[in-house]
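First up is the structure itself, then whatever we jot down about it.
The values are calculated or read from the model by the stated rules, or taken from the named source; none is laboratory data. The model shown is predicted, which means the values in this text are computed figures rather than measured ones. Neighbour counts are summed over all protein chains in view; Cβ atoms, including those assigned to glycine, are modelled from backbone coordinates with ideal geometry. The area values use the complete protein model at the heavy-atom level, side chains included, leaving out ligands, DNA and RNA. Shrake-Rupley method; radii C 1.70, N 1.55, O 1.52, S 1.80 Å.
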Amino acid sequence: MSQILKVQWIISILWPGFLVAGAATIVTFTVFDPVEISACIGGPDISRTGWYSVGFFLFWFMSALSSLLTCYFQQPCQVVQGTQDPE
Amino acid sequence: MSDVTAQKKRRAPEPEPADEVQQSLYAKREKIYPREVHGTFAALRVLAMVVLLGLYYGVPWLRWEGRQAVLFDLPARKFFIFDWVFWPQDFFYLALLLMIAALSLFFFTAVAGRLWCGYACPQTVWTEIFMWVERKIEGDRPQQMKLDKLPWNSEKVLKKGSKHVILLLFSLYTGFTFVGYFTPIDELGARMFSFDLGPWETFWVIFYGLATYGNAGWMREQVCIYMCPYARFQSAMFDKDTLVISYDEARGEPRGKRKRTADRQGLGLGDCIDCTLCVQVCPTGIDIRKGLQYQCIGCAACVDVCDDVMDKMGYDRGLVRYTTENGLKGRPAHPLRPRILVYATLLLAMTAGLIYAISQRIPLELDVIRDRTGLYRETSEGLVENVYNLKVINMDEREHVYRLSASGLPEMEFINRKGELTVAAGEVYNLPVRIRIDPIHLTRSTNEITFHIEATDAPELAREATSRFIGPVD
């Protein structure tokens with residue numbers, strides 16, 4: 001982990017999320033019309049472009065969260081446990 | 001395996017010497033100042049840049065039958081592409097198109113390596129134009145390096161400041177064009193200049209603009225190295241007959257500096273004069289003489305610059321050239337290998353499939369939903385009645401008159417139905433329909449029936465949808 005710098009950490013958390021969020025937004029809003037759903041459940045009155053944008057960032061947040069956890073769990077166990085490095 | 005070995009195994013592998021460029025990039029990014037290059041491939045790259053950027057900035061302004069020719073109208077949930085109008089129901093075509101795009105990438109990569117990266121990738125294209133602006137303001141590589149070493153004096157502030165202002169404005173215009181693919185661009189332009197953009201439009205213009213500025217202005221080769229998924233897996237599509245940019249080691253080594261008039265055989269030198277120009281022109285900062293590296297985006301800048309040097313030295317061109325692994329080793333080439341044939345066949349089949357599917361596309365949709373309030377109703381005359389909600393979507397760009405009928409059971413009687421229904425272009429028409437039938441015709445409690453709809457002026461515009469007719473059976 002020490003060899004991987006912050007910039008790559010940030011990229012590997014935000015960037016996969018961005019790609020996945022793009023795909024998820026296209027698929028989701030092709031199938032569901034957010035304005036219709038919002039009208040059905042009495043949600044807020046936002047334009048379609050607004051819903052698409054909100055949806056995109058929500059997907060991005062969720063998938064970035066997943067990437068963050070992946071990065072977190074990738075750390076070697078001994079670092080997490082705070083034991084001494086064998087070398 | 002002992003605990004210590006296991007722990008060692010789990011640790012990240014130690015860096016290998018071959019990875020030193022990457023390691024240095026991980027450690028601290030060294031700014032790359034690619035030297036300007038002229039030559040055949042540079043000209044091709046400029047041509048690709050002009051064509052692609054011309055398309056990107058020009059296409060939204062094209063008009064077609066009184067509307068924007070290419071408009072992905074997200075608010076209206078319709079995509080306009082010249083004569084075609086696609087609805088969310090047409091997602092299949094988009095999926096097929098994306099599969100064709102992916103397959104073309106595989107095909108071209110197998111044939112000619114990273115053509116996409118070197119000539120067509122937006123990252124390359126925008127970086128290219130950004131570097132052009134940079135060179136116009138700051139000069140070529142040596143001047144840029146000198147400028148960066150200078151303390152912040154008025155010249156540096158002026159040059160750096162004007163460069164970033166120009167790049168930012170250009171990026172914002174890029175963002176504006178991007179939004180113009182989703183909102184009618186002429187109207188968007190008018191509203192932008194009267195500062196009347198909606199909040200989301202403003203947001204996306206700025207977001208996309210800043211993304212362009214960041215990626216092409218600051219990140220540059222790091223996008224290819226760290227962010228591009230294709231760069232990581234493209235080696236899977238390479239084989240020994242894939243066109244790659246390669247240094248002819250057998251010819252070039254041992255490298256060494258010499259006078260132009262020197263006798264290289266006498267000195268025991270190869271053709272490489274170790275001028276390092278190939279390294280200086282590389283936009284990703286690698287040394288092509290170290291062999292094929294995944295950072296190489298195949299832009300061929302090193303080919304052009306080395307050919308120039310070879311000309312000056314009076315040596316043959318092509319010390320660095322487009323070649324194949326087999327070609328370098330003097331083995332025969334296999335242009336028609338199974339991988340290529342499989343990719344080409346799939347690509348042709350899918351493209352033909354898409355063209356056929358679009359040509360056969362019927363711009364009409366019929367959905368039937370049975371009314372859920374009750375299974376059936378018995379009228380005072382003893383007839384059985386079912387209620388359906390029909391949704392007729394006219395996806396054509398013209399108004400049509402449609403004739404509705406049903407089949408599956410004898411003597412079905414439509415109640416409250418107009419004989420024909422007129423649906424405007426792009427309209428979603430909701431039509432509740434009641435059907436009555438004499439129960440003597442019902443042999444089962446659930447019977448399949450089919451609704452038919454057909455345009456009176458165009459019989460090829462026809463759709464069917466099935467549903468069930470439910471009744472009592474003694």
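The accessible-area ordering, largest first, of the residues B:ASP287, B:ASP308 stands as B:ASP308, B:ASP287, per a 1.4 angstrom probe.
Stokes-Einstein at 20 °C, 1.002 mPa s, Kirkwood radius from Cα pairs: D for chain B in µm² s⁻¹? Could the numbers behind the result be given before it?
On the way: Rh = 28.4 Å.
The Stokes-Einstein estimate is 76 µm²/s.
Just so you know, the Cα atoms of region B:95-238 work out to an Rg and Dmax of 18.8, 56 Å.
Rounded, prolate or oblate for the protein assembly as shown? Axes are the square roots of the Cα gyration tensor eigenvalues, ordered a ≥ b ≥ c, and the cut-off for rounded is a/c under 1.5. Walk me through the numbers before you get to the answer.
Details: a/c = 2.18, a/b = 2.12, b/c = 1.03.
In terms of gyration-tensor shape, prolate.
Per residue, the solvent-accessible area of chain B (1.4 Å probe, heavy atoms of protein chains only, all protein chains present) comes to 53 Å².
Which GluC sites (Glu not before Pro) from region B:405-463 combine a DSSP loop assignment with at most 15 other Cβ atoms within 10 Å?
On the way: sites: B:GLU411, B:GLU413, B:GLU420, B:GLU427, B:GLU448, B:GLU454, B:GLU460; in loops: B:GLU411, B:GLU427, B:GLU460.
In loop regions of region B:405-463 (DSSP not H, G, I, E or B), the sparsely surrounded GluC sites (Glu not before Pro) are B:GLU411, B:GLU427, B:GLU460.
Counting Cβ atoms of other protein chains within 10 Å of each residue's Cβ and taking the mean over peptide A:50-57 gives 3. Across region B:367-377, computed HN-Hα scalar couplings (Karplus, 6.51 cos²θ - 1.76 cosθ + 1.60, θ = phi - 60°) run 10, 10, 10, 5, 4, 9, 6, x, 5, 7, 9 Hz from first to last residue, x flagging Gly and Pro.
Amide H to amide H distances under 5 Å link B:GLN293 with no residue, where only residues 5 or more positions off or on other chains count and H is placed in the peptide plane. To put it simply, the accessible area of region B:179-322 at a 1.4 Å probe is 61 percent carbon and sulfur.
Under a 1.4 angstrom probe, counting protein chains only, how are B:THR183, A:THR49 ranked by accessible area, largest first? Intermediate results must be reported in sequence, preceding the final value.
Details: B:THR183 20, A:THR49 40 Å².
Of B:THR183, A:THR49, the descending order of accessible area is A:THR49, B:THR183.
Taking the inverse of the mean 1/r over every pair of distinct Cα atoms in region A:3-81 gives a Kirkwood hydrodynamic radius of 14.4 Å. Look at the stretch B:92-102: the mean tally of other chain Cβ atoms within 10 Å of its residues' Cβ atoms is 1. Among the cysteines of chain B, those whose beta-carbon sits 4.7 Å or more from every other cysteine beta-carbon are B:CYS117, B:CYS121, B:CYS224, B:CYS228, B:CYS272, B:CYS275, B:CYS282, B:CYS296, B:CYS299, B:CYS306.
Among the protein heavy atoms, those of B:VAL51 account for about 80 Å² of accessible surface (1.4 Å probe, every chain in place).
Which peptide among B:309-318, B:33-42, B:145-154 comes first, and what is the full order, when sorted by highest mean count of other Cβ atoms within 10 Å? Before the final figure, lay out each step's value.
Working: B:309-318: 14.1, B:33-42: 17.8, B:145-154: 9.7.
The densest-packed peptide leads the list: B:33-42, B:309-318, B:145-154.
In peptide B:68-75, what is the residue-averaged number of other protein chain Cβ atoms found within 10 Å of each Cβ? For this peptide, the per-residue mean of nearby foreign Cβ atoms is 2.
From its DSSP helices (H runs of at least four residues, each -39,500 (n - 2.57)), chain B gives a residue-normalised ellipticity at 222 nm of -12500 deg cm²/dmol.
Specify whether the C-alpha gyration tensor of region B:364-470 places it in the rounded, prolate or oblate class, a ≥ b ≥ c being the square roots of the eigenvalues: rounded for a/c under 1.5, otherwise prolate if a/b is larger than b/c and oblate if not. If you can, show how the numbers build up before the last one.
Values: a/c = 2.29, a/b = 2.11, b/c = 1.08.
In terms of gyration-tensor shape, prolate.
Under 20 Å from a point 7 Å along the Cα-to-Cβ line of B:ASP263: which residues of region B:299-331 have their amide N that close? It comes to B:313-316, nothing else.
For region A:3-81, report the accessible area per residue in Å² (1.4 Å probe, heavy atoms, rounded to an integer). Walk me through the intermediate numbers first.
Numbers: 4870 Å² over 79 residues.
On a per-residue basis, region A:3-81 sits at 62 Å².
When accessible surface is computed with a 1.4 Å probe, chains B and A are found to bury approximately 2500 Å² between them, both chains counted.
Backbone geometry of region B:440-450 corresponds, through the Karplus equation with coefficients 6.51, -1.76 and 1.60 at θ = phi - 60°, to 3J(HN,Hα) couplings of 5, 7, 8, 9, 10, 6, 10, 10, 7, 10, 10 Hz, x marking Gly and Pro. Distance from the C-alpha centroid of region A:1-77 to that of region B:146-222: 24 Å, rounded to the whole angstrom. Measuring only protein heavy atoms, the 1.4 Å probe finds B:CYS306 accessible over about 20 Å².
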